[in-house]
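Colleague: First the structure, then my questions, so here it is.
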Amino acid sequence: MASQILPLELIDRCIGSRIWVITKGEREFAGKLLGFDDFVNMVLEDVTEYINTEDGVKKVRLQQTLLNGNNICMLVPGSSGPEDA
Amino acid sequence: MASQILPLELIDRCIGSRIWVITKGEREFAGKLLGFDDFVNMVLEDVTEYINTEDGVKKVRLQQTLLNGNNICMLVPGSSGPEDA
Amino acid sequence: MASQILPLELIDRCIGSRIWVITKGEREFAGKLLGFDDFVNMVLEDVTEYINTEDGVKKVRLQQTLLNGNNICMLVPGSSGPEDA
Amino acid sequence: MASQILPLELIDRCIGSRIWVITKGEREFAGKLLGFDDFVNMVLEDVTEYINTEDGVKKVRLQQTLLNGNNICMLVPGSSGPEDA
Amino acid sequence: MASQILPLELIDRCIGSRIWVITKGEREFAGKLLGFDDFVNMVLEDVTEYINTEDGVKKVRLQQTLLNGNNICMLVPGSSGPEDA
Amino acid sequence: MASQILPLELIDRCIGSRIWVITKGEREFAGKLLGFDDFVNMVLEDVTEYINTEDGVKKVRLQQTLLNGNNICMLVPGSSGPEDA
Amino acid sequence: MASQILPLELIDRCIGSRIWVITKGEREFAGKLLGFDDFVNMVLEDVTEYINTEDGVKKVRLQQTLLNGNNICMLVPGSSGPEDA
């Protein structure tokens with residue numbers, strides 16, 4: 001079997017670094033990853049929340065935040081969010 | 001492995017303090033965290049409920065309230081709700 | 001760990017008293033709690049059902065009623081429903 | 001712990017009697033309960049199905065019918081359906 | 001405990017006979033039941049599929065068909081479908 | 001118990017033959033079945049994908065394709081797809 | 001039992017190669033597969049994201065990306081995405 005990077009490994013390497021999280025709803029988050037569990041519930045710090053509204057993208061600054069892994073679509077480790085893409 | 005803050009640890013530290021809870025529906029809650037379980041069902045006290053309606057945000061004061069963890073998107077420990085952001 | 005009130009404890013203390021139940025659909029219920037199980041399926045008695053319709057809130061009186069815990073958003077123990085808030 | 005009526009107990013007492021079942025879709029059922037299992041899948045007989053359509057409530061008579069418990073919102077044991085409320 | 005008919009018993013008795021299956025989407029099926037499993041996935045033969053479209057009910061004839069039990073709302077054993085009701 | 005054809009048996013017999021797969025979204029697939037697992041995730045080859053769009057049915061040719069069993073509504077073993085019905 | 005290609009086998013063979021991933025939302029991804037787990041959470045590199053919007057398809061370039069397997073509809077191993085079809 002070719003060597004591979006397992007999903008939880010990828011997240012684990014990102015602890016202490018920036019990460020961009022896209023959820024199933026209209027919300028995206030960029031922040032520093034402090035921790036996570038097997039259900040990919042995630043603890044972020046120094047967070048910017050991007051909310052897609054009919055009037056464009058609304059940005060909200062948050063302190064420590066816990067995201068429900070069940071609601072996450074995708075993660076981009078090392079990215080500072082949609083403005084970085 | 002870098003030291004990390006696990007999701008349930010973050011919630012546990014918040015017992016007795018204020019917390020802002022955003023659910024998958026149109027409802028948000030701010031209140032004092034009294035307890036929680038492994039499914040992140042949460043008991044809050046001294047609660048303000050924010051309901052997003054077509055006519056703007058409706059606020060409802062509640063006593064002790066139990067929230068279904070299955071329906072929670074995100075938590076902001078230490079925050080007094082959307083007016084605090 | 002700070003002393004806390006666990007979710008099922010909160011419900012257990014409410015047996016024999018009034019409780020307000022908000023579901024994921026357009027329905028809310030207020031009634032006397034007769035019993036519940038680990039999935040938070042709930043047996044209520046002396047129930048008023050509040051159905052949000054386009055023409056306002058419709059109220060229906062029910063005898064003993066069983067609610068599917070899977071469909072519940074939040075509980076407010078000790079409350080007699082939305083008119084009490 | 002106060003004496004309580006457990007959800008499955010309530011259904012079990014209803015075997016052989018009338019029951020009103022409201023599902024997550026636009027369908028309600030009233031009939032005689034013949035049996036059920038741990039997932040609250042239910043076998044009814046002598047059934048009237050109420051389908052909420054844009055043109056009002058459509059009624060359909062059915063023989064023995066099996067309902068998927070996963071799709072059930074609430075049960076009203078002893079009731080003959082919405083006309084009885 | 002009063003004698004009852006368990007859900008899987010009801011389906012088992014129907015093997016080799018006609019059955020009407022209503023799913024959560026806009027599709028209904030009538031056919032001869034050849035088999036099923038514990039998840040109520042069902043194998044039918046000699047099938048008529050009824051698809052509710054804006055232009056009325058479209059009927060499609062199918063050979064052996066496997067239905068995902070997860071998607072089934074209700075079953076009417078012994079019925080030849082909506083035209084039989 | 002009458003002899004029956006179990007769901008996974010029906011699929012197993014179809015390995016190496018054509019199969020028509022209808023999913024919960026707007027997509028249908030016809031192709032040769034190469035393999036499947038207990039969750040009815042399916043590997044197809046020589047695939048035609050039918051996408052229902054507002055401008056009619058769009059057809060896309062695909063090589064080997066893996067379908068998420070969780071998203072499948074129904075299977076018609078031996079069929080070459082909607083044009084065959 | 002005819003020899004077959006199991007779903008996880010098909011993905012495993014694709015490690016180090018290009019893969020096209022279609023999710024339940026409006027997003028598709030093409031990239032190099034670096035790894036995956038039993039829930040088919042997937043790590044991709046050198047990624048192009050295709051977002052279906054009312055104004056047509058928006059393309060976003062991403063570095064290493066983790067996709068939630070729960071949200072995946074289908075995979076086309078060896079494909080470079082919708083432009084390749």
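The values are calculated or read from the model by the stated rules, or taken from the named source; none is laboratory data. The structure presented is a predicted model; accordingly, all values stated were derived computationally and were not measured. In this analysis, Cβ positions are derived from the backbone assuming ideal geometry, glycine residues included, and neighbour counts consider all displayed protein chains. The area values use the complete protein model at the heavy-atom level, side chains included, leaving out ligands, DNA and RNA. Shrake-Rupley method; radii C 1.70, N 1.55, O 1.52, S 1.80 Å.
Colleague: For the range G:7-77, give the magnitude of the charge dipole about the Cα centre (Cβ charges: +1 Lys/Arg, -1 Asp/Glu; no others), in debye to the nearest 20.
Modeller: Roughly 180 debye for the range G:7-77.
Colleague: Moving to a separate point now. At a probe of 1.4 Å, how much accessible area disappears from chains D and C on forming the pair, both sides counted, to the nearest 100 Å²?
Modeller: The D and C chains share an interface burying roughly 1700 Å².
Colleague: Let me ask something else about it. Distance in whole Å from the E-onto-B rotation axis to the closest C-beta of chain E, together with the residue it belongs to, please.
Modeller: E:70, 9
Colleague: Hey, what's the protein assembly as shown come to in accessible area per residue, 1.4 Å probe, Å²?
Modeller: Per residue, the protein assembly as shown has 45 Å² of solvent-accessible surface.
Colleague: I need the GluC sites (Glu not before Pro) found in the range A:21-85, filtered to DSSP loop residues with at most 10 other beta carbons within 10 Å of theirs.
Modeller: The qualifying sites are A:54.
Colleague: Okay, helix-only estimate at 222 nm for chain G: each DSSP H run of n ≥ 4 adds -39500 (n - 2.57), divide by all residues, round to 500 deg cm²/dmol; what do you get?
Modeller: Computed ellipticity for chain G at 222 nm equals -2000 deg cm²/dmol.
Colleague: Could you work out the mean count of beta carbons from other protein chains within 10 Å of each residue's beta carbon in C:58-70?
Modeller: 6
Colleague: Write out the trypsin sites (Lys or Arg not before Pro) in chain C meeting two conditions: DSSP loop, and at most 11 other Cβ atoms within 10 Å of their Cβ.
Modeller: Passing both the DSSP loop test and the Cβ count: no residue.
Colleague: Looking at this model, which pairs from G:24/G:58; B:24/C:58; C:59/E:58; D:58/F:58; A:58/F:59 are more than 27 angstrom apart at the alpha-carbon?
Modeller: C:59/E:58; D:58/F:58; A:58/F:59
Colleague: What is the percent carbon and sulfur in the accessible area of the protein assembly as shown, measuring with a 1.4 Å probe over the protein chains and ignoring ligands?
Modeller: Carbon plus sulfur share of accessible area: 49 percent.
Colleague: Over all directions, how big on average is the projection of the convex hull of the alpha-carbon atoms in the range F:7-77, in square nanometres?
Modeller: That works out to 4.3 nm², a quarter of the Cα hull's surface.
Colleague: Could you give me the ³J(HN,Hα) list for the range C:13-19, computed from phi with Karplus coefficients 6.51, -1.76, 1.60 and θ = phi - 60°, whole Hz, x at Gly and Pro?
Modeller: The phi angles translate into 4, 8, 4, x, 10, 6, 8 Hz.
Colleague: For residue C:36, tell me the accessible area in Å² from a 1.4 Å probe, rounded to the nearest 10.
Modeller: Accessible area of residue C:36: about 20 Å².
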